[in-house]
Each structure stands twice: as C-alpha cells, then as structure tokens.
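We did not get these values from a lab; they are worked out from the coordinates using the rules stated. Everything numeric here is computed off the predicted structure, so don't read it as measured data. Counting neighbours? That spans all protein chains shown, and the Cβs are built from the backbone with ideal geometry, glycine included.
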Amino acid sequence: MQMPEPSQAIISQRDALAQGLRQIVGKDWVISDDAQRRPYQCDGITAYMAMPLLVVLPGCADEVQAVLRFCNEKGVKIVPRGSGTSLSGGALPLEDGVLLVTSRLCNVLAVDEHNRVARVQPGVPNIKITEAVSHLGLCYMPDPSSQLISTIGGNVAENAGGVHCLKYGVTANHILGMQAVLMTGEMVELGGAYLGAAEGELDLMGVLTGSEGLLAVVTEIAVRLEPVPEVARVISMSFPSVEEACACVGAIIGVGVIPAGLEFMDRKVLDAVSVLIKEKFDDRTAALLLCELDGTAVEVDALVGVVSDVARAQGAIELKVSTTEEERQRIWSSRKLAFSAIGKLCPDYYCTDGTIPRNKLPEVLNKMADMSKKYGLDYANCFHAGDGNLHPIIMYDAAKPGDLEKAEEFGADVLIACVDAGGVLSGEHGIGVEKRDLMTHQFTEIDLQQQQMVKCAFDPKDLLNPGKMFPTLCRCAEFGRMHVHNGNLRFADIPRF
Amino acid sequence: MTDTQTIASMRPATTQDVADILMDAASKGEPLVVRGNGTRVGLGNPVAATRVLELGGLDQIDFYDPDDLVIRAGVGATLDNLEQVLAEKGQYLPFEPPRYAGLYGTNGARSTLGGAVSTALSGPRRILTGAVRDFVLGVEGVNGQGDVFKAGGRTMKNVTGYDISKLVTGANGTLAALTMLTIKVLPAPRAEVTLVLPAATLEEDVALFARMRALPLGIGGLVRRVNAAGVCEVLVRVEGTVPGVAGNQQVLNGLLGARGGMVVLEQAQSHALWAGVRELDCLNAKPDELVWRVNLPATTMPTFVEQARKAGCINRFFVDWAGGVVFSTMRGVQPEVDTLRYRKMAEKAGARATILRAPDAVRAQFGAFPPVSAGVAALAARTRTAFDPAGILNPGRMTVQA
Ligand SMILES: Cc1cc2nc3c(=O)[nH]c(=O)nc-3n(C[C@H](O)[C@H](O)[C@H](O)COP(=O)(O)OP(=O)(O)OC[C@H]3O[C@@H](n4cnc5c(N)ncnc54)[C@H](O)[C@@H]3O)c2cc1C
Ligand SMILES: Cc1cc2nc3c(=O)[nH]c(=O)nc-3n(C[C@H](O)[C@H](O)[C@H](O)COP(=O)(O)OP(=O)(O)OC[C@H]3O[C@@H](n4cnc5c(N)ncnc54)[C@H](O)[C@@H]3O)c2cc1C
C-alpha cells in the first residue's frame with residue numbers, strides 16, 4: 001500500500017508548526033514527542049502505520065477553525081480522527097500531516113425532547129447519545145458494534161451502519177443538521193434541528209456524510225432521536241447448509257417483514273464462539289441466522305410467527321425464540337463475541353465489508369470457498385445478512401512472510417467478486433486506504449473524476465485527508481481546464497500511489 | 001406559466017442521446033430547461049432558456065427485484081406506473097411522493113420518478129419512514145459537459161465514494177440530467193387505519209402529536225386540517241401488521257379518548273384520505289393564491305402560525321409532519337409585499353419558507369427557495385460548477401442571481 005510522498009519541506013518545519021498550533025489550542029494540546037504520538041500511528045487497521053507529524057486536540061469549534069486556517073496557509077495536510085476505530089485506514093496519519101483529534105469535543109450540547117433532536121459535538125462516543133436520552137424513552141438508532149468507543153463524528157464520516165440499520169437505516173438517515181469547517185477555516189451550517197431544515201439548497205450535508213474526512217471537519221451534529229421499541233425478541237435459526245440460510249434471508253424480506261436485524265454466522269464462527277459461551281450448537285448446523293423483531297408486544301408476537309413459518313419452510317432444523325430480555329441478550333452474545341472468538345483461533349485476521357444484492361449471497365459465499373483454497377488461508381463468515389453486507393474474516397499470521405499480502409489479495413478478490421455480483425466495495429467501513437486502489441473496478445474514470453470534482457469544490461488544495469478514497473490525488477486545477485470525452489482516459493499518465 | 005418563452009423541446013429516448021444533446025449545448029454555452037414531463041412547472045425559479053430537455057421518454061423499468069427491495073428505472077417512468085408495479089408485489093415507494101399536479105394544473109398521471117427525486121418532495125409519511133433522500137440508492141446521469149456518470153449502487157448500505165445520489169436528490173436538475181435511478185422500496189404496511197378527532201388549539205394539538213410520537217406506535221401521518229365541511233380536525237394514520245395496528249389503535253384510544261368524537265376510517269377510506277392530504281387538497285388553493293410550505297420545529301409552529309395569520313400572510317393553512325411543516329395559501333392581492341413579510345417572519349422563527357406556487361415574477365424576484373448563508377451559497381455554487389462548469393443545466397432554478 002503506497003501513500004503520497006511526504007513533503008520534506010513541511011517535515012522540516014515541525015517545531016515551528018507545533019509552536020504556531022500551541023498558540024491556538026494551548027501548549028498541552030499539541031503532541032509532538034514520539035512516545036505520545038505512537039498510539040495515534042494507526043486506526044482500526046493495524047497493518048498500516050505512519051507517525052503523524054503532530055497531533056492536535058482542539059477544545060472547541062473555534063479552535064478547529066483556527067487550526068485549519070493555520071494549516072491551510074502553511075500548506076499543511078490535516079487528517080481528522082475520532083476514536084480511531086476505522087477499519088479502512090481512513091484515520092491513518094500522514095508523516096507530513098497534522099492529526100486533528102476530536103476527543104475533547106465530547107459534549108451533548110442540547111436535547112430537545114419534544115422535537116426529538118439532540119445536538120452533539122463530533123467527539124461524543126455513539127453510545128453516549130442514547131445514554132443521554134434514555135430516561136426520556138428515546139434513543140439514537142444507528143448502533144455500530146463499535147458504539148462504545150467510536151465517535152458520532154467518525155460515524156458521520158463513515159456513514160456507519162449497525163445491526164439495527166436494516167430496519168432503522170444508517171447514520172445518514174438520522175442526521176438533520178451539521179456544522180462543518182472547510183480546510184480554509186470557513187464554517188458552514190447545514191440543515192438544522194428539524195425535519196426538512198436542509199431543503200431548498202443542494203444536500204451538502206448528504207455528501208459530507210460518508211465523505212471519510214476528505215471534505216470538511218464536522219464540528220457539530222444534530223441527530224434524530226427515536227422512541228425505544230417496546231419489545232424486541234430474537235429468533236435463532238439453524239440451517240443444515242449455507243445456501244438454505246441465505247435463501248431464508250430473501251424469503252423473510254419477500255413476505256414483507258423487515259426485521260430489526262438479520263445476522264449470519266457460519267459453522268466456523270459457531271465453533272469458535274461455543275468455546276467462549278460454553279454452549280454447543282447442533283452438529284447438523286452449517287449456518288445460523290439471528291433475526292431480531294421489534295415493536296409492540298402484539299406486533300412482535302405476530303411477526304415471530306410469520307418468520308418462524310418462513311424459516312421452517314426454508315429448511316431450518318432448529319428454532320429458538322427468546323421469551324425474556326435475558327434470553328435475548330444470551331442469544332445475541334454469540335454474535336457479539338464472534339470476532340473476538342475468531343481472534344483466538346489465529347494470530348491475525350483481516351475483515352472487509354463488501355456488500356451485495358441479498359440474492360447473490362450463496363454465489364459469492366461459494367466463490368469465497370474457492371479463494372480460500374487458492375490462497376491457502378482459512379476464513380469464516382459472520383455478517384449483516386439482511387443488508388447483504390459481508391464481513392469475511394480472513395485468518396493469517398503476520399509473522400509469516402507473505403501471509404499479510406496473501407490475506408490482502410484474498411480480501412481484494414472478495415471485494416471484486418462483490419462488485420461483479422452487482423454490489424459495492426464497502427457497506428459501512430468506507431474506502432480509506434484499504435480499498436482505495438479497487439475503486440477503479442467499481443467506477444469508470446469519469447465516475448471517479450466527477451467525485452473528485454466535488455472534492456475540489458470543498459478542498460481545492462487537496463489538503464484534507466489526501467491519499468484516501470481515490471487511487472490518484474486530485475488535480476483540481478487541471479480538471480477545470482481539460483476535457484476529453486467518453487472513454488478516453490483523462491490522466492493516463494498520473495502516477496497511482 | 002413559467003420558464004420564459006421556451007421555443008424548442010427535445011425528448012431523447014436514451015442516455016447517449018442525452019449526452020449528445022448536453023455535449024452540444026455545453027460547446028455552445030446554451031442553457032437548457034431540464035425536466036421530466038413538466039408536471040411541476042412552477043416549482044422553483046423560472047429558468048431563462050429557450051430550449052427544453054425533456055427526460056420523460058426515458059421511461060423503462062430496468063429491473064425490479066422485490067426480494068431485494070430494489071427497483072431501477074429510467075427517470076421518465078411515471079410514479080403511477082411504478083406504484084402499480086410495486087403494488088402487485090405488495091410493496092411501495094415509502095416516501096409517498098406528492099405530484100402537486102392540482103397546484104400547477106397539470107396531469108399528475110404523467111408525474112415522473114426523476115421529477116420526484118429532483119424536487120425531493122416527500123409526503124406525510126416522512127415522519128415515520130423518511131424522505132426521498134433516504135431511498136435513492138444509485139444514480140446515472142449526464143453532467144453539464146455531456147459526461148455520463150454513475151454513483152452509488154443498488155445495495156442497502158454503501159460507503160463507496162461520495163454520496164452523489166444524495167447530492168442530486170433535490171438539486172432540481174441543476175447538477176445533472178439524471179437518466180436512471182435505483183430506488184429502495186419497502187413492503188407496504190398490511191393494515192392501515194386513520195383516527196379522526198376534533199382539533200383543539202394548535203398548542204394542544206402539537207403537544208398531543210408529541211405524546212403520540214414518543215411511543216413506537218407506527219404512526220405514519222399526523223395532520224391538523226380543516227375538512228370539506230369546514231371543521232378543524234386532527235388525522236392520525238396508524239400502519240403496520242394487522243394485529244400491530246389493532247394493538248396500537250387500542251393504545252391510542254386510551255391516549256386520545258379524552259377528546260371524544262373520534263371517528264375511525266378503515267383501510268380504503270384512509271387510503272383515499274391520505275392521497276388527498278399528500279396533494280394538499282385540503283388547502284383548497286384558489287387560482288390566484290400563492291401556496292407556501294414552511295418547515296420548522298413543531299414547538300415553534302403555533303406561534304409562527306398565529307403571527308402570520310394576524311399579519312395576513314396566511315389565508316388558509318394546514319399542518320403536516322406532526323407540526324413540523326405548515327402548508328398555507330396567501331392572497332394574491334399584493335404578493336410581493338406579503339412574500340417579503342412572510343419570509344422575514346419565517347427567518348425570525350428559524351423556519352424555512354418555500355414558495356410552492358406563485359407568479360413567475362414573484363419567484364424570479366424573491367426565489368422560490370429560502371435564502372441560505374453566503375458561505376453555504378458559495379459552496380453550493382462551487383459544487384454546481386463541479387458538475388456543470390458552463391452553467392447550462394436549469395441555471396437559476398434554485399438560486400436568485402444577485
Ligand atoms: C470492533 C469494531 C467494530 C466495528 N463495527 C462497526 C459496525 O458495526 N458498523 C460500522 O459501520 N463500522 C464499524 N466499525 C468501524 C468504525 O468503528 C466506524 O467506521 C466508526 O464510524 C469510526 O469512528 P471513529 O470515531 O473511530 O473514527 P476514526 O476511525 O477516528 O475516523 C474514521 C474516519 O472519519 C474521519 N473523521 C473522524 N472524525 C471526523 C470529523 N469530526 N469530521 C470529519 N471527518 C472525521 C477520519 O478522518 C476517518 O476518515 C467497527 C470497528 C471496530 C474496531
Ligand atoms: C373567516 C374564517 C375563515 C376560516 N378559514 C379557515 C381556513 O381557511 N382554514 C382553516 O383551517 N380554518 C378556517 N377557519 C376555521 C377556524 O380554524 C376555526 O373556526 C378555528 O377553530 C377557530 O379559529 P379562530 O381564528 O376563530 O380562533 P383562534 O382562537 O384564533 O384559534 C383557535 C385555534 O385554532 C387555530 N386555528 C385558527 N384558524 C385555523 C386554521 N385556519 N387552521 C387550523 N387551525 C386554526 C388557532 O391557531 C388556534 O390554535 C376559518 C374560520 C373563520 C371564522
């Protein structure tokens with residue numbers, strides 16, 4: 001994985017830059033020594049590391065503005081970072097860039113119970129929003145598995161999903177307004193704290209959501225709050241084959257039921273988990289689906305009946321339905337422990353998040369089995385089946401020469417198979433550096449150029465998180481001048497990094 | 001009624017034709033009116049262009065995959081056609097797109113998917129299921145240079161590149177001539193009833209809306225309006241499974257019983273009622289009246305409405321989205337004066353006041369859409385340039401030139 005060549009000229013100004021930044025945020029909030037910078041070297045993908053030039057922790061939106069203005073004037077790059085749980089390298093530092101960390105911007109600013117909106121700072125961990133409103137019977141719906149740690153700013157930047165986004169939608173569906181700072185230090189307010197506040201002008205908030213920190217630094221977010229469902233019950237459904245489990249996913253949705261969550265685990269995951277939860281799964285089970293249904297008690301009871309019938313018709317061999325909250329939690333614990341259970345089976349694992357049409361699940365899963373043979377690496381599957389969002393867990397040993405490269409190639413093959421099946425490279429983790437070079441497989445040169453032109457509208461100097469998402473740097477000046485038509489590769493000679 | 005003296009209309013049948021037309025127009029710097037079938041002429045600002053690019057001919061359904069909740073169709077596919085195709089499989093467009101043909105005196109049966117997405121108008125169900133933007137999964141379009149591009153995809157979740165699908169939704173044809181759209185659909189609720197009860201004061205009704213919405217009762221419509229008999233009433237649409245709706249209805253009976261006088265409309269009646277609400281029928285807008293939409297926090301709505309009525313800026317009105325939107329008519333006697341006053345009032349209340357219908361001159365002068373800050377306007381302008389550097393796609397439709 002190649003990153004843009006760091007600028008030695010910038011690196012040589014490190015001390016002066018640190019001094020300038022200290023004048024903005026105070027001396028304690030610029031980190032320049034090696035030991036304290038080290039924890040920031042990578043995000044959730046530990047395979048990619050770089051020492052940030054400096055780490056800056058602004059304490060308010062004004063300071064964010066001043067930091068960006070300062071860096072823009074000096075031509076210094078900025079990488080925004082929340083909690084650093086990104087699984088695509090979105091928050092990977094640059095050696096000649098300032099890492100702007102939002103952890104001090106961690107307040108829930110206002111809760112409007114009646115209009116059901118909360119205004120929060122970007123460094124607030126996802127779970128804290130729900131904690132701040134649960135006494136009102138409300139919650140913030142998007143629930144990435146990382147919600148204890150990952151920040152709402154990071155969630156917005158990656159348009160994070162979660163187990164419940166099948167029914168309730170992803171981050172983008174729950175944002176009503178935001179305040180953001182452009183690389184120049186200019187602040188913009190988009191939308192507001194009510195439905196429709198953003199209408200009547202381009203949906204700039206929509207394009208900022210999921211923009212992986214490349215367009216602006218988000219400094220405040222207005223999120224929609226929802227009433228907590230009265231009841232939730234989960235059905236655990238075992239199938240004798242992966243195909244039957246996959247077919248059941250389409251069948252449930254086909255009868256008109258949208259479960260709150262619909263998760264898939266294969267036998268390898270079940271075996272790994274059963275060690276941890278000390279519970280055995282039926283020997284005949286090749287794959288397990290967990291289907292959560294929520295709503296009012298009567299409604300959920302009715303849906304449990306419908307889904308159970310569908311599952312049986314699709315060949316389920318065993319159904320377990322939670323009758324108490326305790327049972328529900330216990331059934332879910334297998335899914336929650338899945339990744340750490342696999343982690344105990346192998347020294348390292350690598351997980352991507354390609355997403356496919358739901359009816360292509362069996363086809364792509366079969367291809368994965370072939371790839372595993374080709375690369376000689378074991379893998380397991382545990383994913384958001386209801387969304388067609390795959391999370392293949394590729395097991396490898398970083399200490400073995402060549403193993404990481406093989407795992408990366410295996411992962412890339414899976415993503416290519418996803419795109420070929422009509423899907424996309426990323427459902428919720430983002431492109432970052434991890435999937436950057438595969439963008440040309442999903443998009444044409446023109447598609448990508450159109451996206452990069454949007455980047456130029458926000459950040460014409462390409463100083464905000466460069467080297468992420470696109471396989472080439474932006475050439476904003478040239479985009480304005482040059483124009484070659486359909487199919488003629490525009491910048492055939494630009495070096496890919 | 002709009003778009004000054006258009007003299008020539010082009011109605012391409014393929015994406016490539018659209019690209020050819022736009023490449024040609026770009027080379028000449030010639031502006032175009034971009035539209036679907038023109039059923040919403042009068043929405044947005046008038047565009048000064050002599051040629052029309054009409055996309056209604058791109059009307060094929062590319063695929064419909066009910067088990068995957070997704071449909072892909074040309075922008076010219078009519079909403080009526082799509083809704084019928086979906087209904088055959090028990091599914092629907094969750095954003096309940098209004099046609100507003102009654103407002104513009106056009107034929108709603110010709111209203112297109114492309115128009116619905118480009119204008120981003122969402123119906124009463126928005127409070128439950130979301131807005132148009134929440135259902136556009138992928139787009140294909142032609143930018144102002146004649147380049148065909150696509151963005152997004154067909155999967156439910158997607159963080160692969162910038163969300164251009166959201167950006168073009170509600171762009172009113174100013175970024176690209178859209179050619180194909182991939183839309184997320186949902187199973188239509190199996191059961192639906194509407195509870196009708198007498199209205200109280202706006203404050204009381206908004207408070208009641210909030211109490212209902214605090215519970216997860218599947219409420220897909222909360223409206224306060226005056227009915228055909230001149231009686232002011234509150235409408236509560238409850239949707240879901242058959243037992244779910246029955247259960248929720250019981251809870252609501254408890255919550256609303258104190259008011260008395262409740263009438264229950266079953267499925268078919270309820271359906272017909274909301275089709276009318278969606279089209280703003282209860283406004284009963286007279287031909288010479290202006291029609292407005294104001295988005296605002298429900299809690300500030302009652303005061304805003306009182307003031308605007310006193311000031312004569314609201315003639316008739318009704319409230320949708322649980323109090324979060326006010327649709328109103330304005331007398332057409334002194335439209336310039338009243339428009340300015342109403343906009344000022346809205347601005348003070350932190351609200352956004354959009355003109356849905358007004359004479360061309362009024363929209364041209366004040367802008368159909370409420371102004372945004374200078375910074376946002378500049379960023380939006382740069383974004384438009386990124387798609388349409390020559391400014392040939394619906395120039396001025398969304399912004400008033402200074
Ligand atoms: C165990 C685990 C489970 C996970 N489960 C899920 C899951 O279920 N669903 C899911 O979607 N993801 C999941 N993730 C991925 C990750 O948690 C999400 O992408 C999350 O949204 C990242 O938040 P963060 O605060 O850690 O952001 P970071 O990792 O710090 O940053 C992520 C990106 O956001 C940008 N960014 C951060 N803050 C801002 C800001 N204020 N303004 C502009 N840009 C900003 C960064 O530049 C970077 O590109 C998981 C990760 C882990 C480690
Ligand atoms: C001349 C006239 C014209 C009317 N035209 C309309 C009309 O076009 N549309 C209509 O909805 N009703 C109309 N009404 C009916 C009116 O809403 C009811 O009579 C109302 O309950 C009492 O209104 P008020 O202004 O006399 O009392 P107020 O004390 O001013 O209002 C009582 C409450 O009803 C609310 N309210 C008042 N008028 C309306 C209204 N128009 N719509 C919704 N809530 C309202 C007020 O905000 C307040 O909360 C009209 C009444 C009159 C006398």
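Below, the figures for the structure above:
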item: A:THR324 paired with A:SER241, simple spin-label distance in nm, labels 7 Å along Cα-to-beta-carbon; result: 3.9
item: Where GluC sites (Glu not before Pro) in DSSP loops with at most 15 other Cβ within 10 Å are excluded, longest remaining stretch of chain B; result: B:89-265
item: The stretch A:161-200: translational diffusion in µm²/s, Stokes-Einstein, Kirkwood Rh over Cα pairs, 20 °C, 1.002 mPa s; result: 182
item: The stretch A:231-340 - Rg (one decimal) and Dmax (whole number), Cα, Å; result: 13.1, 36
item: Cα-based convex hull volume of the stretch A:108-227 per residue, rounded to whole Å³; result: 95
item: A:MET237, B:MET262 arranged by Cβ crowding within 10 Å, fewest neighbours leading; result: B:MET262, A:MET237
item: Tilt relative to chain A, helix A:445-458 - C-alpha long axis, 0 to 90 degrees, to 10; result: 60
item: Order of A:ARG119, B:ARG40, A:ARG22 under a 10 Å beta carbon neighbour criterion, fewest first; result: A:ARG22, A:ARG119, B:ARG40
item: B:GLU192 long-range amide H proximity, modeled H, under 5 Å; result: B:GLN267
item: nm² value of the averaged projected area, convex hull over the Cα atoms of chain A; result: 24.5
item: Rounded to whole Hz, the Karplus (6.51, -1.76, 1.60) HN-Hα couplings of the stretch A:427-442, x for glycine and proline; result: x, 8, 8, x, 8, x, 9, 4, 10, 3, 6, 8, 4, 5, 6, 8
item: Mean-position separation - Cα centroids, the stretch A:160-202 and the stretch A:289-365, in angstrom; result: 30
item: Spatial separation of Cα centroids for the stretch A:263-281 and the stretch B:38-65, in angstrom; result: 54
item: Ranked B:THR385, A:THR102, criterion: other C-beta atoms within 10 Å, fewest first; result: B:THR385, A:THR102
item: Peptide-level mean, for A:114-123, of C-beta atoms on other protein chains within 10 Å; result: 3
item: C-alpha long axis of helix A:267-277 to longest principal axis of chain A, angle in °; result: 90
item: Nitroxide proxy distance, nm - points 7 Å out along Cα→Cβ at B:ILE7 and A:ASN366; result: 6.1
item: Long-range tail of P(r) for the stretch B:281-366 (Cα pairs > 17 Å, %); result: 38
item: Debye-sum result for chain B in log10 I(q)/I(0), which assumes one identical scatterer on each alpha carbon, at q = 0.06, 0.11 Å⁻¹; result: -0.24, -0.82
item: Degrees between helix B:335-348 axis and first principal axis of chain B (Cα, 0 to 90, nearest 10); result: 70
item: Sparsely packed chymotrypsin sites (Phe, Trp or Tyr not before Pro) within the stretch A:136-224, loop by DSSP, other Cβ within 10 Å at most 11; result: none
item: J(HN,Hα) series, the stretch A:106-121, from Karplus relation 6.51 cos²θ - 1.76 cosθ + 1.60, nearest Hz, glycine and proline x; result: 10, 10, 7, 7, 7, 10, 10, 4, 5, 8, 6, 9, 10, 9, 9, 7
item: Table column - 3J(HN,Hα) (Hz), the stretch A:191-196, Karplus curve with 6.51, -1.76, 1.60, x for Gly and Pro; result: x, x, 9, 7, 4, x
item: Helical mean residue ellipticity (222 nm; -39500 (n - 2.57) per DSSP H run of 4+; nearest 500) of the protein assembly as shown; result: -10000 deg cm²/dmol
item: Global form of the stretch B:191-278, assessed from the alpha-carbon gyration tensor, a/c cut-off 1.5; result: oblate
item: Fraction of the pair-distance distribution of the stretch B:352-402 above 17 Å, Cα-Cα pairs, percent; result: 39
item: Between the stretch B:97-167 and the stretch A:376-426, the alpha-carbon center distance in angstrom; result: 33
item: Where only alpha carbons of the protein assembly as shown are counted, the Rg and the Dmax (Å); result: 26.9, 82
